[in-house]
1. Do we have any residue at all in segment 72-86 that's among the polar types (S, T, N, Q), open to solvent by less than 40 Å² (accessible area, probe 1.4 Å) and closer than 30 Å to residue 207 by Cα?
2. Name the residues in segment 309-339 that are among the charged types (D, E, K, R), exposed (fewer than 15 other Cβ atoms within 10 Å of the Cβ) and part of a strand (DSSP E or B), would you?
3. In segment 214-260, how many are in contact with a strand residue (DSSP E or B) (Cβ under 7 Å, 6 or more places away or on another chain), at positive phi and touching a residue at least 60 places away in the same chain (Cβ under 8 Å)?
4. Can you work out which of the residues in segment 354-376 that are open to solvent by less than 30 Å² (accessible area, probe 1.4 Å) and in a loop (DSSP other than H, G, I, E, B) is nearest to residue 72 (Cα to Cα)?
5. Please state which of the following conditions residue 185 fails to meet, knowing it meets all the rest: (1) surrounded by fewer than 17 Cβ atoms within 10 Å (Cβ to Cβ); (2) without any contact (Cβ under 8 Å) to a residue 60 or more places away in the chain.
6. Can you give me the number of residues within segment 115-131 that are open to solvent by less than 70 Å² (accessible area, probe 1.4 Å) and free of Cβ contacts under 8 Å to residues at least 12 places away in the same chain?
7. What are the residues in segment 54-71 that are open to solvent by less than 80 Å² (accessible area, probe 1.4 Å) and modelled with pLDDT under 50, if any?
8. Check off (1) open to solvent by 80 Å² or more (accessible area, probe 1.4 Å); (2) in a helix (DSSP H, G or I); (3) farther than 30 Å from residue 105 by Cα; (4) without any contact (Cβ under 8 Å) to a residue 40 or more places away in the chain for residue 162 and give me the number that stays unchecked.
Amino acid sequence: MQGNDTQYALTDERARPNRRKWIIGIVVAIVLIAIAAAYALRGGGDKPAADAAAPKGGQGVPTVSVVVPGRSSVATTITGNGTIAARREMPVGVAGEGGMVTRVLVEPGSWVRTGQVLATVDRSVQAQTAQSQSASISVARADADLAKAELDRAKQLVDRGFVSKADVQRREATLAQANARVRVAQAQLAETRARNQRLDIRAPAEGLVLTRGVEPGQIVSAGSGQLFRIAMGGQMEMRAQLAEGDLARVRTGMVGRVTPVGSTKAFVGEVWQVSPIIDPQTRQGIARIALRYDTALRPGGFASAAIDVGGVQAPLLPESAVLSDGMGNYVYIVDGASKAVRRDVTVGEVSDAGVSIATGLDGSERVVASAGAFLNEGQQVKPQLIKAR
């Protein structure tokens with residue numbers, strides 16, 4: 001019995017490897033079948049999609065919108081930045097001998113008339129001098145009246161022989177001297193009054209007070225410099241800094257639109273002066289645009305300007321039609337065979353209306369209006385004409 005048990009044990013040990021191999025083989029076969037089934041299912045699902053995507057009867061040719069721009073009148077505008085200033089600025093100082101300021105009658109932003117008093121200077125001493133000279137005139141007139149009365153009496157007595165003709169001549173000379181002293185006293189008084197009038201600091205012309213540099217109690221004289229700054233007539237200007245090439249295209253009389261910083265309102269003006277020199281450091285010059293007075297125009301403020309320098313006839317395209325790469329700007333045109341052809345162009349003015357083409361197009365081409373970036377050179381397309389703007 002023991003020998004039989006031993007024999008059965010050896011038989012089981014030999015059979016185990018065979019069963020393991022069979023199990024592994026079955027598992028591998030099942031996996032392969034599953035992979036094959038999955039592949040078959042996936043391939044069967046892709047085939048209809050591929051068939052649906054395949055072009056049938058030319059359906060794969062893209063439709064593109066094209067425009068024939070023609071030639072439009074394009075306004076050429078030059079832009080620049082700069083500052084706002086008074087067109088004619090008048091510095092006002094002391095015209096007379098000066099003294100202590102007693103009153104200041106205006107503030108920056110005040111509108112003044114020609115000759116209006118801006119500030120007064122103490123004139124107590126000068127007033128006394130004027131009174132003294134006025135009294136001197138009265139004395140001189142009294143002497144002249146007395147001399148005239150004596151001359152009249154002498155003339156009545158000369159015929160009776162009581163007064164000689166020499167006495168009459170002396171009295172005539174005395175009267176002439178008295179009248180001369182009256183005129184001298186009057187001239188001195190007029191001079192004093194004129195000096196006193198110059199003690200008042202007055203506006204030389206009508207305009208807008210820009211700055212005030214004096215206060216009551218301040219001692220001023222002819223060497224005090226400017227006490228007020230006035231914009232004559234309130235006239236303003238914008239001093240636009242322009243590149244040398246742009247400045248050469250600007251002429252006096254051209255219309256400019258000025259927009260101060262912080263404002264959306266544009267003020268229309270006219271170029272009244274073009275700088276005759278160019279700054280050698282910045283290579284820029286100044287175009288001065290005259291503006292009417294407005295409270296929104298503050299001297300010293302920053303602003304931008306757009307100057308209309310004329311118009312040209314050029315093709316006008318939407319911005320989406322113009323593309324660019326390392327070789328420059330270009331567009332796609334559709335030729336007679338309905339193929340996309342690259343055309344290099346030079347861009348001119350860019351505005352809300354579109355992009356003008358300076359060179360590269362004559363306006364008769366069919367230009368791809370949009371989606372040009374998705375086309376290739378020589379690609380077959382189906383053009384659809386749209387109206388130009």
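The values are calculated or read from the model by the stated rules, or taken from the named source; none is laboratory data. Since this is a predicted model, take the numbers as computed values, not measurements. As a convention, Cβ positions derive from the backbone with ideal geometry for all residues, glycine included, and neighbour counts pool all protein chains shown. What goes into the accessible areas is simple: the full protein's heavy atoms, side chains included, and nothing from ligands, DNA or RNA. Shrake-Rupley method; radii C 1.70, N 1.55, O 1.52, S 1.80 Å.
1. No.
2. Step one: of segment 309-339, the residues among the charged types (D, E, K, R) are 319, 325, 335, 339.
After this cut, where a residue has to be exposed (fewer than 15 other Cβ atoms within 10 Å of the Cβ) as well, the list is 319, 325, 335.
Correct list: 325 only.
3. Count: 3.
4. Step one: of segment 354-376, the residues open to solvent by less than 30 Å² (accessible area, probe 1.4 Å) are 354-357, 361, 363, 365, 367-369, 372, 375.
Narrowing further to those that are in a loop (DSSP other than H, G, I, E, B): 361, 363, 365, 369, 375.
Values: 361: 13, 363: 9, 365: 14, 369: 17, 375: 27 Å.
Looking at residues that are open to solvent by less than 30 Å² (accessible area, probe 1.4 Å) and in a loop (DSSP other than H, G, I, E, B), I get 363.
5. Of (1) surrounded by fewer than 17 Cβ atoms within 10 Å (Cβ to Cβ); (2) without any contact (Cβ under 8 Å) to a residue 60 or more places away in the chain, only one is false for residue 185: (1).
6. Adding up the residues that qualify gives 1.
7. Going through segment 54-71, the residues open to solvent by less than 80 Å² (accessible area, probe 1.4 Å) turn out to be 54, 58, 60-62, 64-70.
Residues satisfying the conditions are 54, 58.
8. (2)
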